[in-house]
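**Q** Shown below is the structure under consideration.
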Amino acid sequence: MEKVHLLHHGQITPLTPLRNRRGVTVTELLVVLGMIGIVALGNATFIYDFVSALKKQTARSEGESDLSTLNIAAVNILKKSASSFNKLELKDDNGKNFFDYYPDVPFSILQKNSNADRIFTLKAGTANQYFYLMQTEEGDFDSLIFDPMFAYKNTGDSPDLMSNGSVQYIGLNSIANITGIAGGPNAGTMTKVFQTRWTDGMLFLLSCPTYLRPLTTAGGIDILTPPRFASYLGSVAGSDLLPVSTALTGVTLKNSHPVSNVNYSGVDNFMRTLPSVGGAAPFVKIEPVNLVRFAIRLNAKTGKNDFIFQELKQGKYQDRTVLLSDVDSIKFVRKSITLPIISMEVLR
């Protein structure tokens, strides 16, 4: 009788009786077991290699996802930080101010003087544990172009038309003829424009958009000195802005006159020493700002470093978010100080 092999749908020959009735020898059994062992070992090695490769790929994908998220967050933070340039003093890896900005000097001249780039390495346990930025909040609140005379009142005209009269400083938030919010009693210009943002302790930046440099001892100008706007960072105190100290901010501020380098004692002093703009009377931009910083800190639970974004609130820097875990160091790089552009490199 013929039988059909169902797997191949082919015919096979009839079975013939086995003539060897002695069974399986020990040698043959050992050979079979050895072959099974080789196959099993091969499968185990394959599975181990596959699982290891899968873990590496998963870690790589998670790492790329973390870096992608970090990139988006960093761009959103850095693009609001143009106010940092020529206003903050933060030494880079070579002792130069990271925020030096030369909008009016050819790159070739800076390069010739070994003054063309800046690198700041943020690393735990070193002097560079924090990277500071001044961040504008114009996206959430308005800014204001302000005539300095609105902060003064006339206290007496001079009888001589060729001589100046006298004025008295009354504060930024003290204009009497401005109607308050919702038509209520006068609340002042700053309160009307910035509303709840004009609150005691909040930071505002005053600036006059004219680049100035200090004079050299010979009475000339050194173009290798970064030019600066006349600018003043103050903290709200009632109707005025008190100057902010380095002890509060943790970073050195250039809260001084760009020519004399004399520190501003207050808004009145800042206003009275403003340069003219294009030959006309000066004007001031008033904008809400905040001081923020990046930090690297050891995570006690994981034993690894976290990359953290912090914000100055109520007199101290508070954690806002953890941007990345398992970090060795972060490099902030400016390849050209003729451009206000910052890039970031991560070492894990």
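**Q** If you go through the range 114-148 one residue at a time, how many are over 30 Å from MET190 (Cβ atoms) and not in a loop (DSSP other than H, G, I, E, B)?
**A** Going residue by residue through the range 114-148, those that are over 30 Å from MET190 (Cβ atoms) are 114-131.
Retained after the next criterion (residues that are not in a loop (DSSP other than H, G, I, E, B)): 118-123, 130-131.
Adding up the residues that qualify gives 8.
**Q** Can you name every residue in the range 226-242 that is surrounded by fewer than 19 Cβ atoms within 10 Å (Cβ to Cβ) and within 20 Å of LEU312 (Cβ to Cβ)?
**A** Scanning the range 226-242 gives SER235, ALA237, LEU242.
**Q** Is there a residue in the range 328-340 that is more than 18 Å from ALA74 (Cα to Cα), out of contact with any Lys or Arg (no Cβ under 9 Å at 6 or more places or on another chain), of a type in the set (Val, Ile, Thr) and at pLDDT below 90?
**A** no
**Q** Related question: Are any residues in the range 256-274 assigned to a loop (DSSP other than H, G, I, E, B) and in contact with a Leu (Cβ under 6 Å, 6 or more places away or on another chain), and if so, which ones? Before the answer, list the steps.
**A** Restricting attention to the range 256-274, the residues satisfying the condition of being assigned to a loop (DSSP other than H, G, I, E, B) are 257-262, 264-266, 273-274.
Correct list: PRO258, VAL259.
**Q** I need the full set of residues from the range 261-300 which are over 20 Å from the mean Cα position of the chain (by Cα), hydrophobic (A, V, I, L, M, F, W, C) and open to solvent by less than 30 Å² (accessible area, probe 1.4 Å), in order please.
**A** VAL267, PHE270, MET271, LEU274, VAL284, ILE286
**Q** Pairs please, first residue from the range 281-295 and closer than 13 Å to LEU312 by Cα, second anywhere and of a type in the set (Gly, Ala, Ser), Cβ atoms under 7 Å, 6+ apart in sequence or on different chains.
**A** VAL289/SER83
**Q** Then there's this: Considering only the range 66-86, state which residues are surrounded by 21 or more Cβ atoms within 10 Å (Cβ to Cβ) and not hydroxyl-bearing (Ser, Thr, Tyr).
**A** ALA74, PHE85, ASN86
**Q** Follow-up. Looking at the range 242-257, I want the residues that are over 17 Å from GLN135 (Cα atoms) and touching a residue at least 24 places away in the same chain (Cβ under 8 Å) and have a partner that is assigned to a loop (DSSP other than H, G, I, E, B) and open to solvent by less than 60 Å² (accessible area, probe 1.4 Å) with Cβ atoms under 6 Å, at least 6 apart or on another chain. Which pairs are those?
**A** Listed by first residue and then by second, the contacts come to HIS257/THR273.
**Q** I'd like the residue in the range 243-255 that is buried (at least 17 other Cβ atoms within 10 Å of the Cβ) and not basic (Lys, Arg) and, out of all such residues, is nearest to GLY188 (Cα to Cα).
**A** Quick first cut of the range 243-255, residues buried (at least 17 other Cβ atoms within 10 Å of the Cβ) only: 243-244, 249, 251, 253-255.
So of that shortlist, the ones also not basic (Lys, Arg) come out as 243-244, 249, 251, 253, 255.
Values: PRO243: 20, VAL244: 22, THR249: 28, VAL251: 31, LEU253: 28, ASN255: 25 Å.
Looking at residues that are buried (at least 17 other Cβ atoms within 10 Å of the Cβ) and not basic (Lys, Arg), I get PRO243.
**Q** Also, quick follow-up: Determine whether SER65 is of a type outside the set (A, V, I, L, M), at pLDDT below 85 and within 21 Å of the chain's Cα centre (by Cα).
**A** Values: of a type outside the set (A, V, I, L, M): yes; at pLDDT below 85: yes; within 21 Å of the chain's Cα centre (by Cα): yes.
For SER65, the condition - of a type outside the set (A, V, I, L, M), at pLDDT below 85 and within 21 Å of the chain's Cα centre (by Cα) - is met.
**Q** Another one. For the range 301-348, give me each residue that is of a type in the set (A, V, I, L, M, F, W, C), crowded, with 17+ Cβ neighbours inside 10 Å and closer than 13 Å to ALA124 by Cα.
**A** To start, the set of residues in the range 301-348 that are of a type in the set (A, V, I, L, M, F, W, C) comprises 307-309, 312, 322-324, 327, 330, 332-333, 337, 339, 341-342, 344, 346-347.
Then keep just the ones that are crowded, with 17+ Cβ neighbours inside 10 Å; that gives 307-309, 312, 323-324, 327, 330, 332, 337, 342, 344, 346.
Result: PHE307, ILE308, VAL327, ILE330.
The values are calculated or read from the model by the stated rules, or taken from the named source; none is laboratory data. Because the structure is a prediction, the values reported are computed rather than measured. All Cβ positions, glycine included, derive from the backbone under ideal geometry; neighbour counts span all protein chains shown. The protein model used for the area step is the full one, side chains on, heavy atoms only, and it has no ligands, DNA or RNA in it. Shrake-Rupley method; radii C 1.70, N 1.55, O 1.52, S 1.80 Å.
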